[in-house]
Amino acid sequence: MTWAAEAALAALPLLVVSVLLALRVPALRAATAGIVLAGLLVLTVLDERAEEVLPGLVAWLPTAVEVLVIIVAGIALARVLGVSGAQDVLAGWLGRLTGGPVATALLVVHGVTPFAESVTGFGVGVLVGVPLLAAAGFSAHRSAVLGLLGLCAVPWGALGPGTIVAGRLVGESADAMGLATAWPNLVVTVGVGVAAVLMVPGGRTPGAVLAGVASGLVLGAGILGSSVLVGMAPSGALGGLLAVLAHLAWRRAHGTTVTLPREVRRALVPYTVLLVGILLSTVAVSVLDLSGAGAVLASPAVWLVVAGVVAVRRLDVDGAAARGLVHEVAHLGRQTALPTAAFLLLGVLMVLGGLTEPLGRAVEATGSLGLFLGPAVGAFGGFLTGSGAGANAMFAAAQGAVAEGLGVSVVAFVGVQNAAAGLLTMASPARVLLAVRSVPAGTGGVAGVGAGAGADPPLSLHRVTRSVLAVDLVLVLALGVWNVLLL
């Protein structure tokens, strides 16, 4: 069989899944179809490594369990914070401290939304950011678009299960993959900052554009610095927190009184437990040189569970509400965790069965074009699945094979794919629908945050998707140029 025929056969599972997702087939069914097809290929025409599959799947079980616990615990923490009113308390506090439209947009895009998304994931950043923007006077359309642009740190969303998947599929640690993603993600954070200020009143000035660049660099540098000094898991949250503090410091320097009321401190307790726990346990594991079961102490899965328990007790969620949350989290967990597990199984099966190798050889023949198109593949996965974990499970292993064939760093190449996949989740149908539904009833169709703002288009899924995609496509092209010039 020729290498071209092998590559065509190996690509079939990914092609089938992509087509089914594009046809709006549920993610779990689409991934299952891909798994069945990949399994048949490994057992029949591409069977050279069939005997390695079962032992490999067993070795992957701890990673799969960790990813699934992170997903379910992240959903649980998000729902507890929502039901208890803690999210509303924090959003109201930040809303009282915002300045003009440019400052408010950047605070949400680079601070509030990335922090909330990194700590809990699954679109919670949008649920926090969009109502805050609407309350600040932005139109319904702009609130939804700016809220989605705040999903610029998705590779670290829910403490990074997607980045864990990407690293594991190409044989790298989560920390190494997080660092490799943090560099190209600077393009994303700066790019959405510029886009955000250009679409708000008073934003089309050199000073406003410079503010967008500076704010994006603060978030990106915070993520990068944390990736170097601490590790992958808390880096998105710490970068978002740094951006919030920088904006608040700027407001204070310009005369705004910044206080931390008791109810705000109380609402921050679960976040504090989560971040401090991860930081201290990471240091302890490093200093004590723990491995195996001891290293589990630093897993984000452990600290998301702890933070959820603390949130239930500290925020006084009553028994009836807690029982209702159990059923809700179980339902949402099945909707999110099962498709993610299926995508992960598909990716692992393709790696263990050797299906990624002919794909790499095929793209190698394209030369530098393969470098340029790499981010587009990751972006396509992010758009279809609405999940960095799903996109990486589908494509990270194949992209690693492509990098090997092209003779470039595997971790750097897949890191760019990870950034691109996270970027396009903000334009995925599920996220756009979440943003539109998060706009409070009665929000006007004309921006009320500055004279001369002009009329915005009416709020609709199509218009919001089009606005976000316009930004995303420019940034995907920029990431392609990044690959060609720097890898």
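Just one of the numbered conditions (1) crowded, with 17+ Cβ neighbours inside 10 Å; (2) closer than 13 Å to Leu81 by Cα; (3) modelled with pLDDT under 90 is not true of Ser299: (2).
Restricting to the range 56-71, name every residue that is closer than 15 Å to Leu332 by Cα and modelled with pLDDT of 85 or more. Within the range 56-71, Leu68, Val69 meet the criteria. Ala31 satisfies every condition listed in (1) modelled with pLDDT of 85 or more; (2) under 30 Å from Ala427 (Cβ atoms); (3) surrounded by fewer than 17 Cβ atoms within 10 Å (Cβ to Cβ) except (3). Here is the figure for the range 37-61: residues that are more than 16 Å from Thr340 (Cβ to Cβ) and loosely packed, with under 14 Cβ neighbours inside 10 Å total 11. Are any residues in the range 151-168 on the phi > 0 side of the Ramachandran plot and hydrophobic (A, V, I, L, M, F, W, C), and if so, which ones? Of everything in the range 151-168, those that are on the phi > 0 side of the Ramachandran plot and hydrophobic (A, V, I, L, M, F, W, C) turn out to be Ala158, Leu159. Please verify whether the range 427-435 includes one or more residues that are of a type in the set (Gly, Ala, Ser), in a helix (DSSP H, G or I) and crowded, with 24+ Cβ neighbours inside 10 Å. Checking the range 427-435: at least one residue is of a type in the set (Gly, Ala, Ser), in a helix (DSSP H, G or I) and crowded, with 24+ Cβ neighbours inside 10 Å.
When the range 353-374 is filtered for residues that are hydrophobic (A, V, I, L, M, F, W, C), over 22 Å from Val481 (Cβ atoms) and surrounded by fewer than 22 Cβ atoms within 10 Å (Cβ to Cβ), only Ala362 remains.
Residues are listed down the side, and each one gets a yes or a no for (1) aliphatic (A, V, I, L, M); (2) closer than 22 Å to Pro201 by Cα:
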| position | (1), (2) |
| --- | --- |
| Gly100 | no, yes |
| Thr104 | no, yes |
| Pro114 | no, no |
| Val126 | yes, yes |
| Ser139 | no, yes |
| Ser143 | no, yes |
| Pro155 | no, no |
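Taken over the range 108-140, residues that are of a type in the set (S, T, N, Q) and more than 22 Å from Val67 (Cβ to Cβ) amount to 2.
Screening Arg314 on (1) buried (at least 20 other Cβ atoms within 10 Å of the Cβ); (2) of a type outside the set (A, V, I, L, M, F, W, C); (3) more than 19 Å from Phe122 (Cβ to Cβ) shows it passes everything except condition (1). In the range 169-217, the residue that is modelled with the highest pLDDT out of those that are among the charged types (D, E, K, R) and more than 20 Å from Leu479 (Cβ to Cβ) is Asp175. For the range 448-468, filtering for residues that are at pLDDT 90 or above and either in contact with a His (Cβ under 7 Å, 6 or more places away or on another chain) or crowded, with 16+ Cβ neighbours inside 10 Å (or both) leaves 5.
In the range 133-150 there is at least one residue that is within 16 Å of the chain's Cα centre (by Cα), outside any helix (DSSP H, G or I), modelled with pLDDT of 95 or more and not polar (S, T, N, Q).
Taking the criterion of being touching a residue at least 40 places away in the same chain (Cβ under 8 Å), over 19 Å from Val192 (Cα atoms) and not hydrophobic (A, V, I, L, M, F, W, C), the residues of the range 212-268 that qualify are Ser227, Gly231, Pro234, Arg251, His254, Thr256, Pro261, Glu263, Arg266. Looking at Ser139, is it within 27 Å of Leu304 (Cα to Cα) and hydroxyl-bearing (Ser, Thr, Tyr)? No: the conditions fail for Ser139. For the range 131-185, a residue qualifies if it is surrounded by 24 or more Cβ atoms within 10 Å (Cβ to Cβ) and of a type in the set (Ser, Thr, Tyr), and the qualifying residues are Ser139, Ser143, Thr163, Thr181.
Consider the range 317-337 and keep the residues that are closer than 12 Å to Ser84 by Cβ and not β-branched (Val, Ile, Thr). The one that is surrounded by the fewest Cβ atoms within 10 Å (Cβ to Cβ) is Asp318. Selection over the range 400-428 of residues that are within 25 Å of Ile71 (Cβ to Cβ) and at pLDDT below 90 gives a count of 1. Every condition in (1) closer than 17 Å to Tyr271 by Cβ; (2) outside any helix (DSSP H, G or I); (3) modelled with pLDDT of 85 or more is met by Pro114 except one, and the failing one is (2). Sub-6 Å Cβ pairs linking a first residue in the range 169-184 that is over 22 Å from Gly216 (Cβ atoms) to a second residue that is of a type in the set (S, T, N, Q), at least 6 apart or interchain, are Ala174/Thr163, ordered by first then second residue.
This table checks each residue for (1) at pLDDT below 90; (2) under 21 Å from Gly125 (Cβ atoms); (3) of a type in the set (Asp, Glu); (4) surrounded by 12 or more Cβ atoms within 10 Å (Cβ to Cβ).
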position: Met232; (1), (2), (3), (4): no, yes, no, yes
position: Gly240; (1), (2), (3), (4): no, yes, no, yes
position: Val244; (1), (2), (3), (4): no, yes, no, yes
position: Leu248; (1), (2), (3), (4): no, yes, no, yes
position: Ala253; (1), (2), (3), (4): yes, no, no, no
position: Thr257; (1), (2), (3), (4): yes, no, no, no
position: Arg262; (1), (2), (3), (4): no, no, no, no
position: Arg265; (1), (2), (3), (4): no, no, no, no
position: Tyr271; (1), (2), (3), (4): yes, yes, no, yes
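Residue-level check: of (1) over 27 Å from Trp303 (Cα atoms); (2) crowded, with 24+ Cβ neighbours inside 10 Å, Gly222 misses just (1).
The values are calculated or read from the model by the stated rules, or taken from the named source; none is laboratory data. On a predicted model such as this, the values are computed, not experimentally measured, just so you know. Backbone-built Cβ (ideal geometry, glycine too); neighbour counts: all protein chains shown.
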